[in-house]
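Here is the structure we will look at.
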Amino acid sequence: MAIISSKKTSKSAQQGELLSKTASPSVDSATCPAAATESLLQPKAAGDERSSKHDEKLRPQQLGDYVGQKELKEVLQIAIQAAQSRKEALDHLLLYGPPGLGKTTIALILSAEMGVNCKVTSAPALERPRDIVGLLMNLQPGDVLFIDEIHRLNRMTEELLYPAMEDFRLDIVTGKNQTAKTRSIPLPPFTLVGATTRVGALSSPLRDRFGFIQRLRFYEPDELSQIVLRTAEILHTAIVPDAATEVARRSRGTPRIANRLLKRVRDYAEVKGVGAVTQAIATEALELFNVDPCGLDWTDRRLLTVMIEHFNGGPVGLETMAAATGEDAQTIEEVYEPYLLQIGYLNRTPRGRIATPAAWKHLGYQPPEHQISLLH
Ligand code: ADP
């Protein structure tokens with residue numbers, strides 16, 4: 001994994017130190033259309049996408065450029081101003097929400113706004129105690145330490161973090177049994193930004209040590225349109241607003257997907273030799289890539305189709321769905337369901353998941369009467 005390192009001392013400094021990111025396998029889109037669509041609409045980033053310099057250019061670098069998430073921005077604006085006026089580090093911040101919504105971007109913006117370094121890592125990379133110790137000991141006063149997938153920290157690392165977060169102190173135990181001694185090493189004040197898709201999976205002692213716990217929401221189509229227009233400008237791609245709306249509509253509420261779809265539309269427009277991307281060109285390109293008008297991908301459609309065809313629309317339990325589709329239950333719950341719930345195609349009831357009448361209609365099925373009454 002590439003290591004990008006740079007000292008952040010000004011607002012324009014933008015790139016953190018990318019210590020580790022999860023990679024996912026690439027898919028041959030020419031030979032596998034379903035998988036190609038799946039990868040285009042996957043909110044999880046491919047490893048190269050997250051770390052590529054090109055994509056880093058697309059990240060907003062100041063809070064003012066960060067589109068949407070109004071509430072979160074207001075909270076952060078106040079926190080930044082207060083910390084700056086007191087000349088203190090920002091309080092620790094926990095961000096949660098589905099992948100691709102801008103959690104890493106927020107950590108990088110915070111460090112840029114505060115004029116400090118940002119070290120970026122993820123919990124699976126912090127396997128041994130010395131991994132976290134090394135990171136903490138190298139922090140400068142005020143630095144931001146970003147830990148992605150923080151719900152996956154192991155117990156020892158988590159326990160080292162408690163005094164570090166609370167008292168800016170590392171407690172290191174040396175020796176064994178009766179000769180064991182605890183040595184306390186002072187740390188500079190720093191800000192831990194944790195990101196997770198599963199806030200409920202965090203232990204409460206860890207959760208309680210965050211001063212702010214903020215949720216990121218799916219973006220509205222007009223916000224995604226703004227993101228598409230902004231990215232198009234950075235990529236020097238001419239695009240009309242209606243085409244940006246078309247891309248936004250199919251991006252499942254997720255900026256990472258919006259940017260990815262825009263790039264495919266740009267390729268298509270370039271190869272076709274058209275000038276500015278129009279709505280017709282965007283639609284043609286996205287249809288070629290099998291991108292659903294509602295942003296559903298192959299797995300979303302399969303989940304709903306299995307519910308409808310095998311379970312008459314539900315209620316069906318998560319584990320049963322996982323077994324019937326061959327998908328991992330956790331992935332269904334964390335990656336697929338949030339968007340299906342958001343657009344009203346899925347409901348969670350005490351008896352299990354239900355495909356709503358809107359989902360039946362979208363997939364070309366006639367919803368049965370009992371399905372409609374189950375939801376009331
Ligand atoms: P996460 O950490 O939640 O998986 P990232 O912060 O890596 O998501 O964001 C994915 C991409 O989406 C970034 O490269 C950035 O370009 C874009 N992005 C995310 N949020 C926004 C936003 N609010 N405004 C503009 N672009 C955004």
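The values are calculated or read from the model by the stated rules, or taken from the named source; none is laboratory data. Nothing here was measured: the structure is a model prediction, and the numbers come from that model. Note that each Cβ is placed from the backbone with ideal geometry, even for glycine, and that neighbours are counted across all protein chains shown.
When every residue of the stretch 136-157 is checked against the conditions, none turns out to be farther than 20 Å from Asp208 by Cβ, of a type in the set (Asp, Glu) and assigned to a helix (DSSP H, G or I). Which of (1) more than 16 Å from the ligand (Cβ to nearest atom); (2) over 21 Å from Leu101 (Cβ atoms) is the odd one out, the single condition Glu233 does not satisfy? Result: Glu233 passes all but (1). Against the numbered list (1) crowded, with 18+ Cβ neighbours inside 10 Å; (2) outside any loop (DSSP other than H, G, I, E, B), Ser251 comes up short only at (2).
Inspection of the stretch 214-230 finds no residue satisfying the criterion of being in contact with an Asp or Glu (Cβ under 9 Å, 6 or more places away or on another chain), loosely packed, with under 13 Cβ neighbours inside 10 Å and charged (D, E, K, R). All conditions but one from (1) buried (at least 20 other Cβ atoms within 10 Å of the Cβ); (2) in contact (Cβ under 8 Å) with a residue 60 or more places away in the chain apply to Asn290; the one that does not is (1). Looking only at the stretch 295-352, count how many residues are buried (at least 17 other Cβ atoms within 10 Å of the Cβ) and part of a loop (DSSP other than H, G, I, E, B). Counting residues in the stretch 295-352 that are buried (at least 17 other Cβ atoms within 10 Å of the Cβ) and part of a loop (DSSP other than H, G, I, E, B) gives 9.
In the stretch 207-229 there is at least one residue that is farther than 21 Å from Glu71 by Cα, within 16 Å of the ligand (Cβ to nearest atom), of a type in the set (A, V, I, L, M, F, W, C) and not in a loop (DSSP other than H, G, I, E, B). So how many residues does the stretch 43-86 have that are modelled with pLDDT of 90 or more, of a type in the set (D, E, K, R) and under 22 Å from Arg230 (Cβ atoms)? Final tally of qualifying residues: 6.
Screening Ile106 on (1) on the phi > 0 side of the Ramachandran plot; (2) surrounded by 15 or more Cβ atoms within 10 Å (Cβ to Cβ) shows it passes everything except condition (1). Scanning the stretch 131-163 for residues that are within 16 Å of the ligand (Cβ to nearest atom) and either among the hydrophobic types (A, V, I, L, M, F, W, C) or surrounded by fewer than 23 Cβ atoms within 10 Å (Cβ to Cβ) (or both) returns Val144, Leu145, Phe146, Ile147, Glu149, Ile150, His151, Arg152. Cβ separations smaller than 9 Å between residues 6+ apart or across chains give the following pairs from the stretch 269-284 residues that are among the charged types (D, E, K, R) to residues that are surrounded by fewer than 14 Cβ atoms within 10 Å (Cβ to Cβ): Glu284/Lys272.
Restricting the search to the stretch 189-238, which residues are among the hydroxyl-bearing types (Ser, Thr, Tyr), under 30 Å from Arg266 (Cβ atoms) and within 16 Å of the chain's Cα centre (by Cα)? Steps first, please.
Let us first name the residues in the stretch 189-238 that are among the hydroxyl-bearing types (Ser, Thr, Tyr), namely 191, 196-197, 203-204, 219, 225, 231, 237.
From what is left, the residues that are under 30 Å from Arg266 (Cβ atoms) are 197, 219, 225, 231, 237.
The answer is Thr197, Tyr219.
Picking from residues in the stretch 63-98 that are in contact with a strand residue (DSSP E or B) (Cβ under 9 Å, 6 or more places away or on another chain) and within 8 Å of the ligand (Cβ to nearest atom), the one that is farthest from Ile150 (Cα to Cα) is Gln69. Picking from residues in the stretch 236-279 that are more than 16 Å from the ligand (Cβ to nearest atom) and among the small types (Gly, Ala, Ser), the one that is nearest to Glu56 (Cα to Cα) is Ala238.
Here the condition is being over 30 Å from Phe218 (Cα atoms) and modelled with pLDDT of 95 or more; of Phe168, Phe146, Phe190, it holds for Phe168 alone.
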